[in-house]
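The values are calculated or read from the model by the stated rules, or taken from the named source; none is laboratory data. This one's a predicted model, so the numbers in the text were calculated from it and none came from an experiment. Positions of Cβ are backbone-derived with ideal geometry, glycine not excepted, and every protein chain shown enters the neighbour counts. Heavy atoms of the whole protein, side chains included, go into the accessibility calculation; ligands, DNA and RNA do not. Shrake-Rupley method; radii C 1.70, N 1.55, O 1.52, S 1.80 Å.
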Amino acid sequence: MSDDSCSPGSTPVSAAAPAAVRALPPVKVTRQIIATAFFTFLVYLAIGIPMAVLPGYIHLDLGYSSVVAGLGISVQYFATFVSRANAGRMIDTVGAKQTVMRGMLLCSASGGLLLLSALAQPLPFLSLVLLFTSRAFLGLGESLVGTGAIMWGVGRVGSENTAKMISWNGIATYAALAIGAPLGVVLDRSLGFAVIGLAGMLLTVLGYVLARGGPVTPVVQGEQLSFKLVLRKVFAYGMGLAFGTIGFGSIATFITLYYADQHWSGAAFALTAFSSAFVGARLLFANSITRFGGYRVAVVSFLTEAVGLLLLWSATTPELALLGAGLAGFGFALVFPSLGVEAVNLVSPANRGAALAAYSVFLDLALGITGPVAGAIAGQLGYPQVFLFAAIAAIGAVALSLSLYRSAQQRGKP
């Protein structure tokens, strides 16, 4: 089946959503959203499986420092960061389905490179180079699938369901991470590190096959704003997202080494606690943004995340650390959709792929910077201080969200 049918010249539509899409019953809307979010689930399962294993592999098996271990995680986010503009424009021009398919192929290549990295372990430098290259491919693929799946879902269910699509995409993301982290530990211990790469490759090949058989959504035509202009429009919202994302980046990158430093076991379950709490919050408070508004939800979310990070910082037992990780995940759950809905609504429908990509850039930037910066903090001050640094950033996000809320009130927006 050709994918040329999703090119801009084939099925253009006006900026308004088709009436048939708007008229979908709620049950069918949810079913379409979940079906599309499943592609995100597959990619983030491939991301989550190595998450708790990679830092230890780089630091302990290959013999590199904690800063290099942090960079090993961050390479993925830097690659996602630099490819966001291309992902957004790809969605707005060739279509969301085609974007998702291309992303799946990149993630499959990443799995193959990680497999080669494992086989090259007796040559640490070569293994590290292959691993970094694998992470870069994974970041490129994540950019295309993560943004493409959201806009593919919006194209299937209508723009009025944007918040719901973003929320379910997040549920898919963190459900996959919750499953992937402990699964990766089990696979590594029972079958070896090489199977981690093989698993990622097989999962994303499956994603490509399923995406290829999925429905095409029309490309919305309209004036295309420059990515620079779109980025400027969403800048303040993205900075709030970046401040809040530092907490997730710190936990994802250093929770394993933090537990090891404290001589605790069960680090993978801290990632599971974060992800499970994230999913729970999304399910319990799915309608809170519509009911209370994005700004109010963002303020409460950042405050909750900060409390969880402070608990992680001051934890004296693994149980308290687990509670802190879960509370941080609960708070972080609604950060992306709460500010994201407000950011996407700043532009016309023809530019919403670019707006979502531009907004997501700040998540990538935060995750990319967090690895090496937090690694330096850990090296100089100890692992607990990493979470204090993240908590301070979350508190800064509270202040920024309050400022955005006041500005919206002055413009007459509730």
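Taking the Cβ-Cβ separation of Leu123 and Lys228 as r and a Förster radius of 35 Å, what is the calculated FRET efficiency to the nearest 0.05? So the FRET efficiency works out to roughly 0.25. Atom-type composition of the exposed protein surface of region 33-181 places 75 percent of the accessible area on carbon and sulfur (1.4 angstrom probe). Residues in the chain average 37 Å² of solvent-accessible surface per residue, probe 1.4 Å, ligands and nucleic acids excluded. For helix 227-261, report the angle its Cα long axis makes with the longest principal axis of the Cα atoms of the chain; keep it between 0 and 90° and round to the nearest 10°. Long axis of 227-261 versus the principal axis of the chain: about 30 degrees. Given a 1.4 Å probe and every protein chain left where it sits, what share in percent of the accessible area of region 247-336 is carbon and sulfur? Roughly 69 percent of what the probe reaches on region 247-336 is carbon or sulfur.
Over the residues of the chain, the helix contribution to mean residue ellipticity at 222 nm works out to -27500 deg cm²/dmol, using -39500 (n - 2.57) for each DSSP H run of at least 4. Only the Cβ atoms of Lys and Arg (+1) and of Asp and Glu (-1) were treated as charged; on that basis the dipole of region 209-362 about its Cα centre amounts to roughly 520 debye. Taking the square roots of 5 times each eigenvalue of the Cα gyration tensor of the chain, largest first, gives ellipsoid semi-axes of 33, 26, 18 Å.
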